[in-house]
Amino acid sequence: HLGGFASGTLLCIASAGLCSLSLKLLLSSGEKVKAPATFATVCEAALPNSGLLIDFAVIINCVGCAASYLIVAADCFSALGFPRKTCVLVAILAVSPASLFRNLDTLKASSSVAICCLIGIVLMVVVMGVVPTGSAFDPCPGVSAKVGPHGHCGGPVTWGSTAPMRVFCTLPLFVNAYTCQQNVYNAVGELANPTAARKA
């Protein structure tokens, strides 16, 4: 509700486009170094003695993303009445084994589930964003538009933002949503036939 439905959608599309561009640039850079390419080897080629610093930055980035995902999980499940600390602990125990796999190929099943969940969330957001207040799909039944934010209800959904700077307050959400660059070299390295078409 911070940026408006249309402006939020445009920002989402722009973020996805920039993410795709960054992945394409990373893959092009990786082709210039000796295989297998990693962030460290690419950075060492571009700026000698920077590989360790970049590896540290990637670790910090991944820890930050993991922490934010745990916060989101805790928010969602605590809204259902579960204790927040228990939600965080259960989420950590549920996802920790996946971080110990030797390759990304093992995550095919969970990635398929994640894509299905994402499609469901997009459909839910679109339906709840366009339905009139008071209908069966109203995300905040009993909360009028005049009341404003209430609990997990962020207030009425608007198509555009009356304060354009509020749109940019949502940028951290998109940065977090499209943080996948650290996996690009691992994913490409595991391709059985890494042609240019498959990399794209």
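The values are calculated or read from the model by the stated rules, or taken from the named source; none is laboratory data. Keep in mind the model is a prediction, meaning the values are calculated, not measured. Neighbour counts run over all protein chains shown; Cβ positions are idealised from the backbone, glycine included. Areas reflect the complete protein model, heavy atoms only, side chains present, ligands, DNA and RNA absent. Shrake-Rupley method; radii C 1.70, N 1.55, O 1.52, S 1.80 Å.
Annotations
- Scanning the stretch 46-61 for residues being open to solvent by 40 Å² or more (accessible area, probe 1.4 Å) and either touching a helix residue (DSSP H, G or I) at 6+ places or on another chain (Cβ under 6 Å) or farther than 20 Å from residue 96 by Cβ (or both) gives a total of 10.
- Selection over the stretch 26-45 of residues that are surrounded by 12 or more Cβ atoms within 10 Å (Cβ to Cβ) and part of a helix (DSSP H, G or I) gives a count of 11.
- Pairs linking a residue in the stretch 106-125 that is closer than 17 Å to residue 96 by Cα to a residue that is open to solvent by 90 Å² or more (accessible area, probe 1.4 Å), with Cβ atoms under 8 Å and 6 or more positions apart or on different chains, are 107/101.
- Note on the stretch 65-106: residues that are exposed (fewer than 12 other Cβ atoms within 10 Å of the Cβ) and in contact with a Leu (Cβ under 9 Å, 6 or more places away or on another chain) total 2.
- Residues that are charged (D, E, K, R) and either in contact (Cβ under 8 Å) with a residue 12 or more places away in the chain or within 17 Å of residue 55 (Cα to Cα) (or both) within the stretch 15-40 comprise 24, 32, listed in sequence order.
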